[in-house]
Amino acid sequence: MSESFDYIIIGAGSAGCLLANRIAMQSDNTVCVLEAGPKDNNPFIHIPAGFVKTIRDQKINWLYTCEPGAWTSGRRVSQPRGKVLGGSGSINGHIFNRGQRSDFDEWARRGNNGWGYADVLPYFKRFENFHGACDPDFRGQHGEFDVTNPEWRHPLLSAFIKSANALGIHNNSDYNGQDQNGVAYAQRSICRGVRASPAKAFLRPAMRRKNLRVETNALVETIDFRDRKATGVSYLKDRERFSINARREVILCGGVFNSPQLLQLSGIGSAHFLNQFGISVVHDLPGVGENLRDHCYSPVSARVKNVRSLNERSRGLSLLGEIAYYLLTRKGLLSMQPSMVYISTRSDPSLADNDIQISFGPASYDASRDMQLNKYPGVTCAPWQHVPRSKGYVRIASRSIHDAPLIQPNYLDDEYDRKILLAACRLARKLLRTNPFAQFFDYEDNPGDQVETDDEWLDYIKQTCGTTYHPMGSCRMGPKSETDSVVDSQLRVHGIENLRVVDASIMPTMTSGNTNAATLMIAEKGADMILGRSPLPAASLD
């Protein structure tokens, strides 16, 4: 006979880990978490610099790729996603960036009551443990998830910040505070030299409770329904098929690609599309898999002189020394994140909100090898647009959960996006050639001085643009009256009982920053909804 639980959580990524913790806090709730990947025992997950390994490790990474697009020159852009306890929160680049106030106010303006900035700020604060001086009206310092300012300093970092200042971009001591605008050292989910992962922060403490079970290497094939009510799931583990029942809810936390894939395979999606695969339609919901968006960037990098970059420290005897230093102190090269300085600014001073972001690191990468450092000293800027307009889709490729979904972000499909990314790239070039950074600038290796006109820049962008690993929106939140929405403001799937989606796929529009922080917030707020609690009082922003 099938086992029964009150709640079944599909996916132990950032959202699933936090949800499991909060729901299992009530001892009368029984919870089962099903994760398709293994336990998070891989040491490269926990060593911050191990990001360069986990980003291409098929044992803990789905290693998806996008469909070729008009503005990717026929290339299949990589789309790594975590397949391990902690999900993408176990393999990401560690950056903690909530986004701008206007991002969430836009969610509310689109009919999602309770999702404005004043509403979500208390939920950001509740899970956060920020180590550093801050305004307590905006930051949390008593939660489980560690966020720190980097301690490491380097001449290339300080010179880059001063060059930004010379171009009128002011310093911002806390871009996750009252205002994101300016240049700052990048805050990160690293504490005492080790990754602060959602699995360690939320799931492992909850696993001590008898009312929570976590099954790894458990691949959910379908959500089961009776009429239009979710009743449980069927999953594969060790080549055996199991079914379990949900007395209260099935909660889908599979992420931006796997959540719409599983909904479609289970019969929820566009009836016309599902009929093409012979899938019985449980509910015709055309928005499933639509509205996919992602931050797209093109690198602007330079060779530097009169200084050592991280490139030289990552090879030979220097690397052996860094390994020994890290083992002894948890400091040094292995304790760092790839992006170390962030800029948020406007492409046009007349704009009400910032629309471009540039991340900077004192290292440069071999264009022919993913995340492999060059052998010569270099630096890299990654410019991108805060809120892209281009949108694509996620669709099943077959009736099998084993076949990767078709992922098409349609990068830069909207002309406005091309305009803003071009402006961001030009600003990145200018930053590297402005004093005081100019004292270290040798020459630009990407795209190089031969690229100058708009058409030349756009051709370069077409050949090199790629993901910043921030996909979102494929099960977007919105009123039922909007045919392309999937969940309501309580994260309940339209037209279906006892089924919610709680992950980055529900974001109606992009946040102006890395998406992991907002995903944790969605789970924190979603937990109160699932448990029937009153929402936290909205923040006073006067």
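The values are calculated or read from the model by the stated rules, or taken from the named source; none is laboratory data. Values in this document were obtained by computation on a predicted structure and should not be read as measured data. Cβ atoms come from the backbone with ideal geometry, glycine included; neighbour counts cover every protein chain shown. Note: accessible area is taken over every heavy atom of the protein model, side chains too, but ligands, DNA and RNA are not part of it. Shrake-Rupley method; radii C 1.70, N 1.55, O 1.52, S 1.80 Å.
Take the residues in the stretch 430-486 that are β-branched (Val, Ile, Thr) and part of a loop (DSSP other than H, G, I, E, B), then tell me which one is most open to solvent (accessible area, probe 1.4 Å). I'd like the intermediate steps shown before the answer.
Applying the first criterion (β-branched (Val, Ile, Thr)) to the stretch 430-486 yields 434, 451, 453, 461, 464, 467-468, 483, 486.
Next, only the ones that are part of a loop (DSSP other than H, G, I, E, B) stay: 434, 451, 453, 468, 483, 486.
Values: 434: 23, 451: 14, 453: 68, 468: 15, 483: 107, 486: 0 Å².
Looking at the filtered set, the residue picked out is 483.
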Problem - Matching residues, the stretch 28-68, being among the small types (Gly, Ala, Ser) and either modelled with pLDDT under 95 or outside any loop (DSSP other than H, G, I, E, B) (or both) - result: 49, 50
Exercise for the section: State which residue is nearest to residue 233 (Cα to Cα) when the search covers only the stretch 11-29 and only residues that are buried (at least 20 other Cβ atoms within 10 Å of the Cβ) and more than 18 Å from the chain's Cα centre (by Cα). Expected result: 20
Practice task
Answer yes or no as to whether residue 74 is at pLDDT below 95 and either within 30 Å of residue 457 (Cα to Cα) or of a type in the set (Val, Ile, Thr) (or both).
Solution key: yes
Practice task
Determine, yes or no, whether residue 525 is under 28 Å from residue 65 (Cα atoms) and either assigned to a helix (DSSP H, G or I) or in contact with a His (Cβ under 6 Å, 6 or more places away or on another chain) (or both).
Solution key: no
Practice task
For the stretch 501-542, enumerate the residues that are farther than 29 Å from residue 338 by Cβ, modelled with pLDDT of 95 or more and open to solvent by 20 Å² or more (accessible area, probe 1.4 Å).
Solution key: 529, 531, 532, 533, 534, 535, 536, 537, 538, 539
Problem - Answer residue from the stretch 43-57, given it is farther than 22 Å from residue 503 by Cβ and of a type outside the set (Lys, Arg) and is surrounded by the most Cβ atoms within 10 Å (Cβ to Cβ) among those - result: 48
Practice task
Give just the number: which of (1) in contact with a helix residue (DSSP H, G or I) (Cβ under 6 Å, 6 or more places away or on another chain); (2) within 19 Å of residue 342 (Cβ to Cβ) does residue 181 not satisfy?
Solution key: (1)
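One line per residue, one yes/no per condition, for (1) in contact (Cβ under 8 Å) with a residue 40 or more places away in the chain; (2) open to solvent by 40 Å² or more (accessible area, probe 1.4 Å); (3) among the aliphatic types (A, V, I, L, M); (4) at positive phi:
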{"residue": "220", "(1), (2), (3), (4)": "yes, no, yes, no"}
{"residue": "227", "(1), (2), (3), (4)": "no, yes, no, yes"}
{"residue": "230", "(1), (2), (3), (4)": "yes, no, yes, no"}
{"residue": "235", "(1), (2), (3), (4)": "yes, no, no, no"}
{"residue": "240", "(1), (2), (3), (4)": "no, yes, no, no"}
{"residue": "258", "(1), (2), (3), (4)": "yes, no, no, no"}
Handout entry: Residues (more than 30 Å from residue 496 (Cβ to Cβ) and either open to solvent by 30 Å² or more (accessible area, probe 1.4 Å) or in a strand (DSSP E or B) (or both)) located in the stretch 277-298
Key = 296, 297
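Results for (1) under 16 Å from the mean Cα position of the chain (by Cα); (2) surrounded by fewer than 20 Cβ atoms within 10 Å (Cβ to Cβ), shown as yes or no for each residue.
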site	(1), (2)
78	yes, yes
112	no, no
142	no, yes
145	yes, no
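Residues are listed down the side, and each one gets a yes or a no for (1) assigned to a helix (DSSP H, G or I); (2) open to solvent by 50 Å² or more (accessible area, probe 1.4 Å):
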position: 106; (1), (2): yes, no
position: 118; (1), (2): yes, no
position: 121; (1), (2): yes, no
position: 126; (1), (2): yes, yes
position: 177; (1), (2): no, no
position: 184; (1), (2): no, no
Exercise for the section: Return the pairs, sorted by first residue and then second, in which the second residue is of a type in the set (A, V, I, L, M) and outside any helix (DSSP H, G or I), the first residue lies in the stretch 93-108 and is at pLDDT 95 or above, the beta carbons are less than 7 Å apart, and the residues are 6+ apart or on different chains. Expected result: 94/190; 95/186; 96/147
Practice task
Can you work out which of the residues in the stretch 234-270 that are part of a strand (DSSP E or B) and within 23 Å of residue 476 (Cβ to Cβ) is nearest to the chain's Cα centre (by Cα)?
Solution key: 252
Practice task
Test residue 150 against the stated conditions and say whether it is surrounded by 16 or more Cβ atoms within 10 Å (Cβ to Cβ) and modelled with pLDDT under 95.
Solution key: yes
Exercise for the section: Kindly establish whether residue 242 is over 27 Å from residue 490 (Cβ atoms) and among the hydrophobic types (A, V, I, L, M, F, W, C). Expected result: yes
Practice task
Any chance you could count how many residues in the stretch 264-284 are closer than 16 Å to residue 229 by Cβ and touching a His at 6+ places or on another chain (Cβ under 9 Å)?
Solution key: 3
Practice task
Would you check which residues across the stretch 105-147 are hydrophobic (A, V, I, L, M, F, W, C) and closer than 29 Å to residue 478 by Cα and list them?
Solution key: 107, 108, 115, 118, 120, 121, 124, 127, 138, 145
